[in-house]
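First up is the structure itself, then whatever we jot down about it.
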Amino acid sequence: MNDVLYGYKLHESRPDDRWSVTPYLTGVDPAAWLQVLELVGADATLRFGPADAEYAVRLDLSTTEDLDDVRRRLSGHQVTQTGEMLEIVDPDGQLLVVHG
């Protein structure tokens, strides 16, 4: 094993179990993607958008944390709440979606 960190710092923190990342794909055939994941033995969760859209991948976040608490921490940012979902415009102007 290589212990060289190439300038990065190693943090001994544990991930927050309340949060997870889920790829959101558009412009794909959901059945075909799920079949490929099953064939390679990947136990992954994906979200799918319109199949007739341009191909794109977005990383969505999911949380068990109360969305009102998350929204309060994001004060000063452009946030829209729709049901159990927050839509946030990131500093690059890209959409970030948090599912509750």
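Here are the numbers for this structure:
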quantity: Some residue of segment 27-43 being open to solvent by 50 Å² or more (accessible area, probe 1.4 Å) and touching an Asp or Glu at 6+ places or on another chain (Cβ under 6 Å); calculated: no
quantity: Strands (runs of 3 or more DSSP E) (entirely within segment 37-100) containing at least 2 residues that are aliphatic (A, V, I, L, M); calculated: 56-63, 85-89, 95-99
quantity: Residue within segment 9-25 that is among the small types (G, A, S), open to solvent by 70 Å² or more (accessible area, probe 1.4 Å) and either at pLDDT below 95 or part of a helix (DSSP H, G or I) (or both) present; calculated: yes
quantity: Every residue from segment 54-83 that is open to solvent by 80 Å² or more (accessible area, probe 1.4 Å), within 15 Å of the chain's Cα centre (by Cα) and not β-branched (V, I, T); calculated: L59
quantity: Pairs with Cβ under 8 Å, 6+ apart, first in segment 71-90 and closer than 19 Å to L59 by Cβ, second charged (D, E, K, R) and open to solvent by 50 Å² or more (accessible area, probe 1.4 Å); calculated: V79/R71; V79/E87; T80/E87; L86/R71
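The values are calculated or read from the model by the stated rules, or taken from the named source; none is laboratory data. All values derive from a computational prediction rather than experimental measurement. As a convention, Cβ positions derive from the backbone with ideal geometry for all residues, glycine included, and neighbour counts pool all protein chains shown. The protein model used for the area step is the full one, side chains on, heavy atoms only, and it has no ligands, DNA or RNA in it. Shrake-Rupley method; radii C 1.70, N 1.55, O 1.52, S 1.80 Å.
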